[in-house]
Amino acid sequence: MSIAATASIVPQTFADRLRPVALSPAMYNVLLVIGGSLLMAITAQIAIPMWPVSITGQTFAVLLIGALLGSKRGALAMMLYAAEGTVGLPVFSGFSGGLLRPSAGYIIGFIAAAFIVGLLAERGWDRRIWTTALAMTIGTFTVFLFGVPWLWAFAQFFASAEAAALLPQDLSAALWSGFVIFLPGGVLKITLAMVLLPLGWRMLGKR
């Protein structure tokens, strides 16, 4: 089998299937990346304020963005979002900006999670319920893999004395406040994704 024939059987992402013929691939990709970053900015404001890390709709959004856009565009959308906040645009939770914060690790984790989930979606994992659930679980844990260590490091090395007193002082406390309390919401988000994504593919197939 030729390389071209092999490439042609690689599953497309949802976004690939929906590209309007009037748009060039380059313009479509730019719009998708910008749109992904805007969606993250919006879902950052759907939040339950907590300290040190608020509960937001962003984990769900990054899973969907990775699955719908694919690895490269999904990761670029997250990089653009992180860059917007880093330069001070009010795109983070509570309409805030600046990356030196307890939640910075999660924001970096969004980039890795979008890439990984997108890579799995490009291989067709988002078309069946259980492979979707596995991809979403891997993506969710990727976010926490970056978020929890940074939460602990921020308290140890970067926070002021007053702020550090309110932050987890050891890894077990960081695991509790930066991971365990988010598990119920994470399960709900994974469940929603494992229903919506395969259903979307079925509807697209009928269309």
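Just so it is clear, none of the values below were taken in a lab; they were calculated from the coordinates. Computed from a predicted structure; not experimentally measured. When we count neighbours, we look across all protein chains shown, and the Cβ atoms used for this are built from the backbone with ideal geometry, even at glycine.
Structure notes:
- For the listed peptides 128-134, 38-44, a ranking on the average number of other beta carbons within 10 Å per residue, highest first, reads 38-44, 128-134.
- With respect to the chain, whose longest principal axis is taken over its alpha-carbon atoms, helix 183-206 is tilted by about 10°.
- Cα centre as origin, Lys/Arg/Asp/Glu Cβ charges: the chain dipole, Debye: 860
- Hull volume in cubic angstrom per residue (convex hull over the Cα atoms of the stretch 11-206): 107
- Gained length - Q12 relative to A83, 0.36 nm times residue gap less alpha-carbon distance: 22.8 nm
- Near S96, the amide H atoms lying under 5 Å from its own belong to V91; only residues 5 or more places off or on other chains count, and H is placed 1.01 Å from N.
- Given R0 = 30 Å, the distance between the Cβ atoms of Q156 and I48 translates into a calculated FRET efficiency of 0.70.
- In this simple spin-label model, placing a label point 7 Å from the Cα along the Cα-to-Cβ direction at both L171 and L204 gives a separation of 4.0 nm.
- Between I46, W201, M136, the Cα set farthest toward the positive side of the dipole of the chain (charges on each charged residue's Cβ, about the Cα centre) is that of W201.
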